[in-house]
Amino acid sequence: MSDQSGDSTSPTGREAATRLLQNGDAVSLRVRNAIDDRTRAIAEAWLGVGVLAYAVCLVFASKGEDGTGMVPGVQAASPVGMGAILTLLIPFFVASSLERGLQQSLHTTATAKPGRRRSVVTAASLVPLLFITGLVVFAPATPWPIALVVAFSASLPLGVLSVRSALRARASGVRRPAPTLVAPLSPANQVSMTVLGLWLGAAVACGGLPFPAVGAIIVIGLLFAIGVLDVTRWGLPQLAQEWGRTQWIAFGFSYLTAIIVAVLLARSAWDPSIVSSVGGILVAVPLVVTAFRPAPIWADR
Amino acid sequence: MTGQHPRHDLDDALLTPLRFSVMAALRADAEIDFATLRDLLETDDSALSKAISTLSTAGYVSVRKGFVGNRPRTWLTATGAGVAAMSIHVTALQAIAAGSSAAPGAADR
């Protein structure tokens, strides 16, 4: 498109109108791609932080017979110990589903194949995570600094991706302006978020209570519900696409609280019933409250 | 407007391809700096300045000066009036492209 500021090309013909619309769509799509690079960078950075927090808590939640080092096998742990493992696992699973939903809502540039890139990054993060789980179970004598290095390496691929997306976004010279409109979440998402908060809180609360069967049922039920509802309007991916900053901050708080509760259940001498009950409330409240807080809306979304 | 040819709904300020493309870029809920928009639309400073001046006079684009680091930048955004005008213009274009002889409703894209 060279200098086209003249008025001689009025689009009153069918072909001209079609060509203009196609050009407009192409330009609009390129701008949208650039905006989504910023969102992608933020999402990848926070997922990297989430993976790091999860891996570090896994290292610290493990406990040897002498109170230091790693546990001599998860199977040998007490019901409370298993509760700690589940308390760690559930928020991580929920965070992964939410992040996947957010990524699905973003446009991708022609240079990146999202499916392939996602598989590579998932594998690059998953291998260290599985390795560290293996260390916790089979090599409890591993010095914790080495375990922490492995934990950091799990979040490294996401960190690299995040920096790349951020640099691409910075170079594009496009950014999203402040939203002019805020509105409550849709009724379906309000219900989903409230249920998520209560269910997650219940799962965390049961982590330290002396009836592990109830906790296991709650956790399995939550995993089942997440899987079954995944592609429906009640699913977590849909929820992530509508959330604003307030809801994401609330989830981040609940996520960190849940995995810190897991560490406390495994490492502290505090009453596990009190720790998990208070933890469950602290996990549930932010999600339930912010389910009814407004989220920003931009035109074209 | 029923019965009118859709060309009557075309907006004079958006009739040139460059001004139309500027609004197409800005309507994607974006704030874009001048140099990026120039490169995106493969045009030159002078033509883009003129286009923006026209759109700004029409009240369709707001211009904001800012800095990224020490470097000055000019940021452009579509105004509410600009988004609404673009929507009507695009609807008219779609009607023309579809071969309609009557004005369409005010439905958004």
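The values are calculated or read from the model by the stated rules, or taken from the named source; none is laboratory data. No experiment lies behind these values; they were computed from the predicted model shown. Methodologically, a virtual Cβ is constructed for each residue, glycine included, from the backbone with ideal geometry; neighbour enumeration extends over all protein chains shown.
Here is a check on your reading of the model: is residue A:214 surrounded by 15 or more Cβ atoms within 10 Å (Cβ to Cβ), on the phi < 0 side of the Ramachandran plot and in a helix (DSSP H, G or I)? So residue A:214 fails the test. Residues in the range B:35-68 that are of a type in the set (Gly, Ala, Ser) and within 9 Å of chain A (Cβ to nearest Cβ): B:35, B:46, B:47, B:51.
For the range A:227-259, a residue qualifies if it is under 20 Å from residue A:51 (Cα atoms) and touching a helix residue (DSSP H, G or I) at 6+ places or on another chain (Cβ under 6 Å), and the qualifying residues are A:236, A:237, A:240, A:247, A:250, A:253, A:254, A:255, A:257, A:258, A:259. Reported count of residues in the range A:170-201, each being among the aliphatic types (A, V, I, L, M), within 21 Å of the chain's Cα centre (by Cα) and either modelled with pLDDT under 85 or part of a helix (DSSP H, G or I) (or both), is 7.
When residue A:124 is tested against (1) closer than 20 Å to residue A:168 by Cβ; (2) at pLDDT below 80; (3) out of contact with any Ser or Thr (no Cβ under 7 Å at 6 or more places or on another chain), exactly one condition is not met: (2).
Within the range A:243-283, the set of residues being under 18 Å from the mean Cα position of the chain (by Cα) and surrounded by fewer than 21 Cβ atoms within 10 Å (Cβ to Cβ) comprises A:244, A:245, A:246, A:248, A:249, A:252, A:253, A:256, A:260.
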